[in-house]
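Okay, so here's the structure we're looking at.
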Amino acid sequence: MSAADDTPPDRPPEYFSGGWFRMGSDEPQFRIKGRFQFEFIDPGRGDDPALASGHYAADFARHVAGEPRWLVAGGWEIAPGAVTEADGRHRTAFVAHQAATGRKMEGLIAFSPDPTSWVKVEVFLGADRVFLAYMDRVWEEFNLWPSGARPETGEESPGRIGKRRTWASLSISAWPALRAVSGDDHFSIEVPDL
């Protein structure tokens, strides 16, 4: 997979932080209606994509590095390292281990704000990039789209990350190379329950 394959989805990204205020603003997103009741102010308007993409790129790298262990489809376990940042890319190195075979691999996951304000997500094994997706957040969960996606309004994304960022599910039809790891129609990664 080369840099020539990098084509963000053909629509602008959307970001909804879910916070009381819009990102980078003191403008509220909610209005109190009564006891335990609130309503959205201008629900069709989310956070500024340029601010949000930079925030989520840095935040996701910190979150991945902040969990000691991730379980991955195919019996793999990932131990992340510290976050580094260079050229706007927030990177977390990791070591993947498959207990059943004793295999080990070193890799890197990188999050960066794309010039189109999408968050670009890349996974490298050694020097080879093996995964590319573009991320935004329309509502509570994060959406992942493959390079060149042409999402229709209301279409469900082929990749999702939970709002607490403790799991991800990817469709093999959108990222066929993942079938070699998962052996299933979906590829999953999650923080194990303690």
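What follows draws every value from the coordinates through simple rules; no lab data is involved. Given the structure is predicted, the values throughout are model-derived calculations rather than measurements. Virtual Cβ from ideal backbone geometry, glycine too; neighbours counted across all protein chains shown.
Worth pointing out:
- Folded to 0 to 90 degrees: helix 49-66 orientation relative to the chain principal axis, Cα: 40 degrees
- The magnitude of the dipole of the range 3-190, with charges of +1 and -1 set on the Cβ of Lys/Arg and Asp/Glu and taken from the Cα centre, is near 500 debye.
- Distance in nm between pseudo-label sites at THR7 and ASP59 (7 Å out along the Cβ direction from Cα): 3.0 nm
- Computed across the chain, the Kirkwood hydrodynamic radius from all distinct Cα-Cα pairs reaches 17.7 Å.
- For the pair the range 110-136 / the range 148-184, the C-alpha centres are spaced 14 Å from each other.
- Within a Gaussian network of the chain (alpha carbon springs, distance under 10 Å), most fluctuating of GLY126, GLY162, GLY66: GLY126
- Residue order, fewest to most surrounding Cβ atoms within 10 angstrom, among MET135, MET23, MET105: MET105, MET23, MET135
- Listed residues ALA168, ALA73, ALA127, most fluctuating in the chain (Gaussian network, C-alpha, under 10 Å): ALA127
- Arranged from fewest to most other beta-carbon atoms within 10 Å of their beta carbon, ARG164, ARG129 become ARG164, ARG129.
- For the residues ARG11, ARG160, ARG103, a GNM of the chain with alpha-carbon springs under 10 Å puts the largest fluctuation on ARG103.
- Once the chain from ASP184 to ARG164 is taken as fully extended at 0.36 nm per residue, the excess over their C-alpha distance is 4.8 nm.
- Listing ASP128, ASP26, ASP114 from fewest to most neighbouring C-beta atoms within 10 Å gives ASP26, ASP128, ASP114.
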